[in-house]
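Only one structure is covered here, and it is reproduced in the block below.
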Amino acid sequence: MDMAFTQVCMWPLLTFVLTWTVLYITNRKKKATKLADDVAEERNDGAVDVIIVGAGVGGSALAYALAKDGRRVHLIERDMREPERMVGEIMQPGGRLMLSKLGLQDCLEEIDAQKATGLAIYKDGKKAVASYPVDNNFPYEPSARTFHNGRFVQRLRHKASSLHNVRLEEGTVKSLIEEKGVIKGVTYKNKSGEEITAFAPLTVVCDGCYSNLRRSLNDNNAKVLSYQVGYITKNCRLEEPEKIHLIMAKPSFTVMYHISSTEVRCGFEVFPDNMPSISNGEMATFVKNTLAPQVPLKLRKIFLKGIDEGAQIKTMPTKSMGATLSEKKGVILLGDAFNMRHPAVASGMMVLLSDILILRRLLKPLSNLGDANKISEIIKSFYVIRKPMSATVNTIGNAFSQVLIASTDEAKEAMRQGSYDYLSSGGFRTSGMMALLGGMNPRPLSLMYHLFAMTLSVIGHLLFPFPSPLRIWHSLRLFGLSIKMLVPHLKAEGVSQMLFPANAAKYRKRYMAATAL
């Protein structure tokens, strides 16, 4: 009797629970569907998460990385034609690793990129070979790639725009939209000449060394150090095509390397106070009469071939600019608009890709980018985390460029000779320096060690076999020159970040690891 009563009472209760559960689940599904519809409607209205100004290497790579994380990206580029630049033609091993971690390694394919295994260095009739080391701590094949910058950029643009949540548009950004210290978006002219305003919670300015937006964000000005001059010799092949050939000539260095299987980039550095004119033929005469005799015979024919065939000679200012964060919220600068160093070590793209990798990881946990204060904190963290790579490359780039300048000063010339001897000595010295140059070892302390070891080695050479008063004087001057050369970079990058880089080990573990994000 009791059992039958219990069963009679339980059936209505179970029916009620099941009915309530079904209704609850159905209601939740309806709410979820409505939310998804609302989001879809918002996306159809054209709302974006990030506006990126400039679709060069940095802008295109960042757009792809953020879009892969589900962000809606509006990428605005002034000129969609293939760029014709004489910089950004060397991707160091460290840069190739960063490219791989962003899923963009295939952008170096199908553009006739050439493999470079290291440097061939020439000075006063002597030659030394410095190869990238096979380092077990570096989780990637240790070689560089050289290529046409424009072909690489077009591949990156195509890869980014292939994602449905990237809108790549040709347009010229005129100004940033600011409200109470927060950047809300941009005003730009599209291809048809219409002036349009676009809004997003985060704006990234990545429009290169000639950025017209940088001055509205900070008072950081670039310093012109010298000019890079270059031309392309076509239908030729170097005797050692897998080497970047660096000639320690006068007044400064000359460089030759393949940018395709049949084209060689010939480049050199000149200074503002002695700049030959291209238009009246002075530059071609300077190449033939001053530089060519200093180029080794096996390279000289190709070096002169381009000039004799009327190759177009281009110039590009060499600029240096320390990284400075903007006080305005909702915006971040990247690439040459943010930080520049002398291109002697060809590592600008590597630093840029490293920055993108860091920024992407910091932004990834955020469900939306609408909190300007939170974004501001992330940008401050980004500035600190990037230091191991950026400080190492900036310092070695600017210091190495000064060493390469020829001088009649005995102490300066001794340092120049010492850098050649150090790189050509083999063993730990060569491998250590090449790991730094190639971005394979972004440790500021390793750089400091090698710079001081090089200086002491030169001083030892000067004092040998007998430390005469004149030799001692030159040694003291050389040490002073080394300190003078290093201290400005220490101050610019931050003494604590350089001498006590707490983030260096963390950077190597997180951003130089073998596994991709």
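The values are calculated or read from the model by the stated rules, or taken from the named source; none is laboratory data. Since the structure is predicted, the reported quantities are computational estimates derived from the model, not experimental observations. Cβ sites come from the backbone with ideal geometry, for glycine too, and all protein chains shown count toward neighbours. In case anyone asks, the SASA skips ligands and DNA or RNA and just uses the protein heavy atoms, side chains included. Shrake-Rupley method; radii C 1.70, N 1.55, O 1.52, S 1.80 Å.
Nearest-5 percent of antiparallel DSSP beta bridges in the chain?
Just about 70 percent of them are antiparallel.
Can you tell me which lysines have their Cα less than 23 Å from the Cα of Lys374? Leave out same-chain residues fewer than eight positions away.
Straight-line reach from Lys374, under 23 Å: Lys68, Lys180, Lys184, Lys328, Lys329, Lys364, Lys387, Lys506.
Are there chymotrypsin sites (Phe, Trp or Tyr not before Pro) in region 201-271 that DSSP marks as loop and that have at most 13 other Cβ atoms within 10 Å, and which are they?
Of the chymotrypsin sites (Phe, Trp or Tyr not before Pro), the ones in loops of region 201-271 whose Cβ has at most 13 other Cβ atoms within 10 Å are Tyr210.
Provide the gained length on full extension for the span Arg215 to Glu170, in nm with one decimal, where the gain is 0.36 nm per separating residue minus the Cα-Cα distance.
That works out to 13.9 nm of additional length.
Filter the trypsin sites (Lys or Arg not before Pro) in region 151-235 to those in DSSP coil with at most 10 other Cβ atoms within 10 Å of their Cβ, and list the result.
For trypsin sites (Lys or Arg not before Pro) across region 151-235 that sit outside H, G, I, E and B with at most 10 neighbouring Cβ atoms in 10 Å, the list reads Lys180, Lys191.
Assign unit charges at the C-beta atoms only (+1 for Lys and Arg, -1 for Asp and Glu), then state the dipole size of the chain relative to its Cα centre in Debye, rounded to the nearest 20.
The dipole of the chain has a size of about 760 debye.
Do the sum for the chain: with -39,500 (n - 2.57) for every DSSP H run of n ≥ 4, divided by all residues, what is the mean residue ellipticity at 222 nm, to the nearest 500 deg cm²/dmol?
Rounded to the nearest 500, the figure is -14000 deg cm²/dmol.
Express the relative contact order of the chain as a whole percentage, based on alpha carbon pairs under 8 Å and six or more residues apart in sequence.
That works out to 17 percent.
Report the relative contact order of region 334-405, percent, no decimals, based on alpha-carbon pairs under 8 angstrom and at least 6 residues apart.
49
Over the Cα atoms of the chain, what radius of gyration and what Dmax do you get, in Å?
Values for the chain (Cα only, Rg and Dmax): 27.9, 120 Å.
Which residue, Met91, Ile183, Ser425, has the largest displacement toward the positive end of the dipole of the chain when charges sit on each Cβ (Lys, Arg +1; Asp, Glu -1)?
Ser425
Need the full-extension length gain, Lys374 to Trp473, defined as separation in residues times 0.36 nm minus the C-alpha distance. One decimal, nm.
Difference between extended and current length: 30.1 nm.
So if I take the centroid of the Cα atoms in region 407-430 and the same for region 302-327, what is the distance between those two points in Å?
Cα centres, region 407-430 to region 302-327: 25 Å.
Once the Cβ-Cβ distance between Thr324 and Ala47 is put in as r, and R0 is 35 Å, what FRET efficiency do you end up with, to the nearest 0.05?
E between Thr324 and Ala47, to the nearest 0.05, is 0.70.
I need the P(r) histogram for region 154-201: all alpha carbon pairs, bin width 5 Å from 0 out to the longest distance, whole percents.
All Cα pairs, binned at 5 Å, distribute as 5, 19, 20, 18, 22, 12, 3, 1 percent.
Between Gln312 and Ser367, what is the label-point separation in nm under the 7 Å Cα-to-beta-carbon projection?
If labels sit at Ser367 and Gln312, their model points lie 5.2 nm apart.
Over all directions, how big on average is the projection of the convex hull of the alpha-carbon atoms in region 152-272, in square nanometres?
The orientation-averaged projected area of the Cα hull of region 152-272 comes to 11.9 nm².
Give the calculated FRET efficiency between Val182 and Ser162 to the nearest 0.05, with a Förster radius of 35 Å applied to their Cβ-Cβ distance.
0.65
Once you have all Cα-Cα distances for region 303-459, histogram them in 5 Å bins from zero and send the whole-percent values.
Percent of Cα pairs in each bin: 1, 8, 15, 16, 14, 13, 12, 9, 6, 4, 2, 1, 0.
Using the Cα centre of the chain as origin and beta-carbon charges of +1 (Lys, Arg) and -1 (Asp, Glu), tell me which of Leu156, Phe400, Met415 is placed farthest towards the positive end of the dipole.
Looking along the dipole axis, the top candidate is Met415.
All other residues with a Cβ under 9 Å from the Cβ of Gly335 taken together, and with Lys, Arg as +1 and Asp, Glu as -1, what is their net charge?
After counting each charged neighbour, the total is -3.
Once you place label points 7 Å from the Cα toward the Cβ at Glu141 and Lys509, how far apart are they in nm?
3.0
Treating only the Cβ of Lys, Arg, Asp and Glu as charged (+1, +1, -1, -1), what charge dipole size does region 99-145 show about its Cα centre? Round to the nearest 20 debye.
For this selection, approximately 360 debye.
Rule-of-thumb check for region 379-479: C-alpha Rg over 2.2 N^0.38 Å?
For region 379-479, the normalised Cα radius of gyration comes out at 1.22.
Against the empirical 2.2 N^0.38 Å scaling, what ratio does the C-alpha Rg of region 48-96 come to?
1.30
Which net charge results for the neighbourhood of Asn137, defined as the other residues with beta-carbon distances under 12 angstrom from its beta-carbon, given Lys and Arg at +1 and Asp and Glu at -1?
+2
Can you check what the net charge comes to around Ile396, using other residues whose Cβ is under 15 Å from the Cβ of Ile396 (Lys, Arg +1; Asp, Glu -1)?
So the surrounding residues net to +3.
For a label point 7 Å from the Cα of Ser279 along Cα→C-beta, name the residues of region 289-315 whose backbone N is under 18 Å from it.
312-315
Bin width 10 Å, origin at 0, all Cα-Cα pairs of region 347-395: what percent of pairs per bin?
Spelled out per bin, shortest first, that is 25, 49, 22, 4.
List the GluC sites (Glu not before Pro) in region 274-348 that DSSP assigns to loop (not H, G, I, E or B) and whose Cβ has at most 13 other Cβ atoms within 10 Å. Which are they?
Here the sparse-neighbourhood loop sites are Glu309, Glu327.
Positive end of the dipole of the chain, charges at C-beta (+1 Lys, Arg; -1 Asp, Glu), about the Cα centre: which of Ala284, His474, Gly267 has its Cα farthest in that direction?
The Cα lying farthest towards the positive end belongs to His474.
So how much slack lies between Lys223 and Arg300, counting 0.36 nm per residue of separation and subtracting their Cα-Cα distance, in nm?
Contour length minus Cα-Cα distance gives 24.4 nm.
Using a 1.4 angstrom probe, figure out how much accessible area the chain has per residue, in square angstrom, rounded to the nearest whole.
Here the per-residue accessible area is 47 Å².
What are the principal axis extents of the Cα atoms in region 63-157, in Å, biggest first?
54, 34, 20
Along each of its three principal axes, how wide is the spread of alpha-carbon positions in region 203-274, in whole angstrom units, largest first?
Projected onto its principal axes, the Cα set of region 203-274 covers 49, 33, 17 Å.
If you put +1 on each Lys and Arg Cβ and -1 on each Asp and Glu Cβ, how big is the dipole of region 128-235 around its Cα centre, in Debye rounded to 20?
That gives a dipole near 260 debye.
Rg and Dmax in Å for region 265-373, alpha carbons only: what are they?
For region 265-373, the Cα-based Rg and Dmax read 21.1, 62 Å.
Quick one: how many lysine pairs does region 205-311 have with C-alpha atoms less than 16 Å apart and a gap of 8 or more or different chains? Give me the count, please.
Number of lysine pairs found: 7.
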